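Contents: one structure, followed by commentary.
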Amino acid sequence: MVALIHTNLPNSFSKGKVRDTYSLNDELLLMIATDRISAFDVVLPDGIPDKGKILTSMSCFWFEQTNSIIKNHFVSRIDNASLEISKLLPEIDSEIAERSIIIKKAERIDIECIARGYLTGSVWAEYRKTGTINSQPFPDGLQEGFKFDEPLFTPTTKADSGHDEPLTIQELSDQIGNELTKRLKDSTINLYNHAEKIAGQKGIIIADTKLEFGFLDDELILIDEILTPDSSRFWDKNGYEIGTSPPNFDKQFVRDWLVNIGWDKNPPAPNLPPEIIDNTRHRYLQAHYLLTGKELL
């Protein structure tokens, strides 16, 4: 299996850590999820075969599931694009087509909106060190995996390069205003709660997730990806036990390996061994099957 790391189509619009985006016209973009994988805001030298197909399929599933909560930028997959849109598409092979969606061009808000239902990841590290979460004090004695009474909203900056930095609610309000801060928080938490109910019925806990938003014709919409193993922590519900790190179906497996070998989280990143690549691919496929009920490959 070979990972799709790079794309090279005409009319490049942007290249992110994972996605390459191309202009179709003034209103539409072609967004391709490659097989690249990042950790700690650094793109790793090795990709995960088929990862882009999995991310694309899962985002499409969740765009449909959450459209009643907030509108999004999704227009269609390549294979069911309208004739009018099909005429805009460059010549692409099936490997790229299966990783692609057509989206509406929106004005991105340069904030990453994170909903956290459980004490894990970077906020667990912060809590152990300072007793705070997102700079707010929390009671002593909480354990890893503690379920919050209500999901937390912990925004960060969105850096094109380097590390994203945490923002308090006040810092975010100072940047974008109280009204937009409230809208982002409410939309993030509403989406998380809706998705957590759906996932829970399928044996998965969504410990946390990262979302991005933008404006289209002055309307706030969801953009980028949604509820994938790249942007979320998916835990096995049957394996959940407070004080432990439950079995997961996401890229935490890669993060853990990188921490265990002592990588300092600065580029260049080390190469991933074949067994780490294969295991990560398997976890992503498991997440896809459990949540969508469909075999992808």
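Computed from the coordinates by the stated procedures, all read-outs in this text should not be read as laboratory data. In this text, all values refer to a predicted model and were calculated from it rather than measured experimentally. Ideal geometry is used to build each Cβ from the backbone, glycine not excepted, and the neighbour counts take in all protein chains shown.
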Burial ordering of MET1, MET31, fewest other beta-carbon atoms within 10 Å first: MET1, MET31
Cα-centred dipole magnitude for segment 108-266, charges only on beta-carbon of K, R (+1) and D, E (-1), debye, nearest 20: 540
Dipole magnitude (debye, nearest 20) for segment 119-183, charges at Cβ of Lys, Arg, Asp, Glu: 100
Order by protection proxy (mean Cβ within 10 Å, highest first), peptides 89-96, 283-290: 283-290, 89-96
On Cα atoms only, tilt of 274-292 relative to the major axis of the chain in degrees: 80
Sites ASP236 and ALA125 - FRET efficiency at Förster radius 25 Å, r taken between beta-carbons, to 0.05: 0.65
Calculated [θ] (222 nm, deg cm²/dmol) that DSSP helices of n ≥ 4 give over the chain, each run adding -39,500 (n - 2.57): -9500 deg cm²/dmol
Leading residue at positive end of dipole, the chain (Cβ point charges), from SER231, LEU297, PRO137: LEU297
Length-normalised contact order of the chain in % [C-alpha pairs under 8 Å, at least 6 apart]: 20
Theoretical gain in end-to-end length, HIS194 to GLU275 [0.36 nm per residue, Cα-Cα removed]: 25.7 nm
Reach of LYS147 by Cα under 17 Å, taken over aspartates and glutamates that are not fewer than 8 positions away in the same chain: GLU126, GLU196, ASP208, ASP236, GLU241
For the chain, with +1 on Lys and Arg beta carbons and -1 on Asp and Glu, the positive-most of ALA199, LEU28, LEU180 along the dipole: ALA199
For segment 108-266: relative contact order, % (alpha-carbon pairs under 8 angstrom, 6 or more apart): 24
Cut-off 9 Å between beta-carbons: net charge of the residues surrounding LEU119, Lys and Arg +1, Asp and Glu -1: +1
Student exercise, the chain dipole from Lys, Arg, Asp, Glu Cβ charges, in Debye to nearest 20: 460
Order of VAL254, VAL75, VAL2 under a 10 Å beta carbon neighbour criterion, fewest first: VAL2, VAL75, VAL254
Computed P(r) (all Cα pairs; the chain; 5 Å bins; percent): 1, 5, 11, 16, 18, 19, 15, 9, 4, 1, 0, 0, 0
Folded to 0 to 90 degrees: helix 121-130 orientation relative to the chain principal axis, Cα: 30
Top positive-direction residue, dipole computed over the chain with Cβ charges, set TYR127, LEU89, PHE153: TYR127
